[in-house]
Amino acid sequence: MSTSPEASPIGLRPVASPVFASHIDVYAVEDCAPLNSELLALIAEWQKSDNGITASNQLGWHSPPTLFTREEPAFRKLFDHFLQAVTITARRNWKDFDPFRNVVAREGWANVNGKGAFNAVHEHDTFHFSGAYYVAVGKQGPGRSGAIEFLNPAGISAMPLPNRSYIMPPKIALVPNAGNLIIFPSYLRHWVYPNQDEEERVSIAFNIRFGPSAR
């Protein structure tokens, strides 16, 4: 006799709700090649003139978090993409969110990871949403070179079942393509796998915090 919820012997059918879900949104920027070319040139010049800072980066270059104060058209265009995407993401639960009235803090920076470089586990929990735009990803070979991996906030309670599957997986890894824009809640701990390719992996990351309406 089947005991699955779909064929319960006592006639019960569940009404399931995805409680405490953490959404990771992946957007694809259309016709991104010209923008990425401009961004690569700008980031290369920035790297030449600034030694960068040490944060989660290991071996790679991390710019100061001042990207959104820069006036170059390519950076401004990318910020517009960020704002549009964050608005869509925020409106999942805040339907009248207005980014021009409610964004009170933002920061952005460039990451350049050569071969072997990676980003250690971290989070940005003083903000609401974080994200990354992928300018260049190198060759997509076997393994998870350059993948971004998110860790389950439930931590050790994400125990495997006897068949080695999970009710909730302890982690999930995404292998991005150039032109992908990923947005996620800032409390999600994450890290970036070492780059195994000879080509540099270049991304732009950001954090956004919302405040009360200006009106």
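Things worth noting here:
- Sites residue 31 and residue 168 - FRET efficiency at Förster radius 41 Å, r taken between beta-carbons, to 0.05: 0.65
- Computed about the Cα centre, the dipole magnitude for segment 168-210 is approximately 420 debye when only Lys and Arg (+1) and Asp and Glu (-1) carry charge, each at its Cβ.
- Relative to the longest principal axis of the Cα atoms of the chain, helix 33-49 runs at roughly 60 degrees.
- Structure-based [θ]222 nm, the chain - -39500 (n - 2.57) summed over DSSP H runs of at least 4, per residue, nearest 500: -5500 deg cm²/dmol
- Ignoring aspartates and glutamates fewer than eight residues from residue 115 along the same chain, the ones with Cα atoms less than 15 angstrom from its Cα are 197, 198, 199, 200.
- Full-stretch length increase - residue 139, residue 19 - with 0.36 nm per residue and alpha-carbon distance subtracted: 39.5 nm
- Of the options [x] 31, 19, 16; [y] 34, 18, 14; [z] 35, 23, 15, only one is semi-axes √(5λ) of the Cα gyration tensor in Å as computed from these coordinates, and that is [z].
- The long axis of helix 73-90 is offset from the longest Cα principal axis of the chain by roughly 20 degrees.
- Label point 7 Å beyond Cα of residue 59 along Cβ direction - residues of segment 118-133 with amide nitrogen under 20 Å: 118-122
- Placing +1 on the Cβ of every Lys and Arg and -1 on the Cβ of every Asp and Glu, with nothing else charged, gives segment 27-140 a dipole about its Cα centre of roughly 200 debye.
- Selection from 147, 67, 103, by position along the positive dipole direction of the chain (Cβ): 103
- Here the chain is assigned +1 on the Cβ of each Lys and Arg and -1 on the Cβ of each Asp and Glu. Its dipole about the Cα centre then comes out at about 640 debye.
- Projecting the Cα atoms of 113, 132, 85 onto the dipole axis of segment 82-136, where Lys and Arg carry +1 and Asp and Glu carry -1 at the beta carbon, places 85 farthest toward the positive end.
- Ranking 49, 178, 161 by Cα position along the charge dipole of the chain, where only Lys, Arg, Asp and Glu carry charges on their C-beta atoms, puts 161 farthest toward the positive end.
- Those lysines that a straight Cα-Cα span of less than 23 Å connects to residue 77, excepting residues fewer than 8 apart in one chain: 48
FYI, it's all coordinate maths here, none of it is from the lab. If you're wondering where the values come from, they're calculated on a predicted model, not measured in any experiment. Cβ atoms come from the backbone with ideal geometry, glycine included; neighbour counts cover every protein chain shown.
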